[in-house]
Structure formats: structure tokens, C-alpha cells
Amino acid sequence: MESGSVDNSLSSLIMMDEAENPHQFSSITTKLHSNGPTATSVHELLECPVCTNSMYPPIHQCHNGHTLCSTCKTRVNNRCPTCRQELGDIRCLALEKIAESLELPCRYNSLGCPEIFPYYSKLKHESICNFRPYNCPYTGSDCSVVGDIPYLVTHLRDDHRVDMHSGCTFNHRYVKSNPMEVENATWMLTVFHCFGQYFCLHFEAFQIGTAPVYMAFLRFMGDERDARTYGYSLEVGGNGRKLTYEGSPRSIRDSHKKVRDSHDGLIVYRNMALFFSGVDRKELKLRVTGRIWKEQQNPEGGVCIPNLCS
């Protein structure tokens with residue numbers, strides 16, 4: 001929204017409501033009139049002084065007109081963080097009306113999002129914006145790093161020291177001594193680069209009910225819509241037997257735990273995994289092979305056909 005339209009909308013609201021609610025407008029009009037109402041000054045007014053996030057109804061204020069968000073009101077022991085006066089239960093209806101009149105760019109504008117939204121629609125959009133940063137997909141520890149895909153690839157390589165491979169086929173061997181004592185374990189993440197994209201191969205042990213299992217699955221480093229344009233297969237076997245799985249990789253927008261708990265991957269029960277490993281059944285020696293392909297739309301039949309990586 002242009003500065004001029006901000007001026008007009010705020011002036012109209014102030015003229016309409018200031019006479020009716022002077023105690024609510026006292027601190028607001030002081031701040032706005034000091035330099036004139038601009039998009040920046042309005043945005044600052046709507047910033048909670050405690051958490052610095054944008055405030056949404058109900059917006060609370062103390063008797064002196066200092067505002068804060070409803071989440072932080074429960075955290076400050078009913079004391080205004082600015083003047084230390086008791087907060088009470090006063091709503092700042094004036095600021096809520098000002099917010100309702102605004103249109104603001106997405107917070108991920110600097111990352112490429114061109115959208116502009118009414119203030120009260122902005123938060124919902126930002127929670128699903130395709131330009132929002134990704135969480136680090138590493139599962140060996142709790143990692144709070146976020147960023148775009150190139151940044152996360154560098155982070156995985158340099159900070160987590162994950163295995164990095166180029167190509168769309170893989171052949172990995174997972175070994176574990178004393179597998180009967182392992183109920184939960186995560187092996188080192190492997191990242192593949194093919195078709196100009198990055199994919200994460202996960203392998204771990206956990207339990208389904210009381211049954212110990214091993215699971216391998218692939219996640220795509222990008223959004224869900226793009227993830228659906230790829231397919232992959234996994235195969236594990238031994239002693240003349242094999243299990244296979246075929247599906248689409250899940251986006252790293254879905255957490256590792258969400259994918260694992262949905263059982264969307266190749267699952268091998270421990271007894272079968274030890275059978276594949278050899279006759280002594282004392283050590284896990286599981287070889288997982290697989291490939292990744294890009295689905296292509298058949299122009300005649302409208303059916304996706306695989307484009308295999310050379």
C-alpha cells in the first residue's frame with residue numbers, strides 16, 4: 001500500500017473514532033502525528049513490544065495506551081511491560097480497526113514472494129508461502145537452522161558432514177552390530193543430486209507397536225508440488241528374497257517424524273532384515289538399492305511416464 005493511501009485511511013479512522021474513544025487513540029495519535037502516518041510507522045505500531053511479532057485481535061492495552069499481543073499478555077503477569085501498570089482487560093479497538101484497513105507485502109518479500117494481502121489474511125498466507133524458508137532436514141540431532149535450498153545443501157555438507165552423491169541410482173549398505181539391542185537408531189543422512197535437484201535418503205530403526213522395524217524413505221528438497229513430479233524405488237533383499245517399494249518422495253516441508261509416522265517408505269521388520277543379512281542373524285548387513293526418476297506427462301494419453309536418469 002502506498003504512503004498516501006495509508007495517510008487517508010488512518011485519517012478517516014481517527015476522525016471517525018477518536019472522539020468516541022479518546023483513551024484508546026491517545027498513544028496511537030501521538031506516535032502517528034509525530035512524523036506523519038506512514039506504512040513503516042503503522043507497522044511499528046502493530047509490533048508487539050514483547051515478542052516483536054505482528055499483533056492480531058484481540059490486541060490488548062493498558063490504561064496508558066501501551067499495547068501488546070494476546071499471547072504475551074499471559075506472559076507478563078498482567079503488568080504492562082512499558083509502564084508496569086496493571087493491564088486489565090482493555091481491547092485496543094482503534095488499532096484493530098487500523099490493521100483491518102491495511103494491505104501489506106508478505107514477510108518473505110525479500111525471498112521472492114510478490115503477494116500483497118489484507119493485514120488479517122497475511123499471517124495465514126505466510127504459514128504456507130512457497131517462499132518461506134525450509135527447516136534443516138538432518139535427523140541425527142535437533143537442528144534449528146532454516147534457509148533456502150542452496151544454503152541448506154551447504155549447511156548439510158559443511159556442518160553435518162552428510163554423504164553427498166551425484167546421480168539418480170544408489171546402492172547403500174547399512175551395518176549394525178547387536179541389532180537385537182537396537183530399538184531406535186538413525187543412520188547418517190545421504191543427499192543425492194540429480195535432475196538439478198536434491199534428495200535426502202533416510203534409514204532408521206524404530207517400532208511399529210511392539211514390532212521393531214527398519215525403514216528407508218526419500219525426501220525432496222523443495223515444495224510438495226515439485227516433489228510430486230518425481231518418483232523413486234527402493235529394494236532390499238538377500239537369500240533369494242527381496243522387498244520393493246515405489247512412490248513419490250515427500251517434501252522436506254513435511255517433517256521427518258511426520259513422514260516416518262505415516263510409514264510412507266520401505267519398511268522391513270527386524271526378523272526379515274536379519275534373514276536378509278545372513279545365516280548367523282547376529283549382525284545387520286542390509287543393502288538398499290534404488291533409483292530416482294522424473295515423471296513426464298504423456299501428451300497423448302495424459303499418463304505420467306518415467307524419464308530415467310542416464
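Each value in this text was obtained by applying a stated rule to the coordinates, not by laboratory testing. If you're wondering where the values come from, they're calculated on a predicted model, not measured in any experiment.
So the values come out like this:
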item: Spatial separation of Cα centroids for the stretch 161-197 and the stretch 111-158, in angstrom; result: 24
item: Whole-number percent relative contact order across the stretch 76-212, with pairs defined as alpha carbons under 8 Å at least 6 apart; result: 13
item: Prolate/oblate/rounded label for the stretch 182-234 (Cα gyration tensor, a/c 1.5); result: prolate
item: Anisotropy class of the stretch 254-297 from Cα gyration tensor, a/c 1.5 cut; result: oblate
item: Net length gained if the chain between ASP159 and ASP261 were fully extended (0.36 nm per residue, minus Cα distance); result: 34.0 nm
item: Rg in Å to one decimal, and Dmax rounded to a whole Å, for the stretch 66-152 via C-alpha atoms; result: 18.0, 49
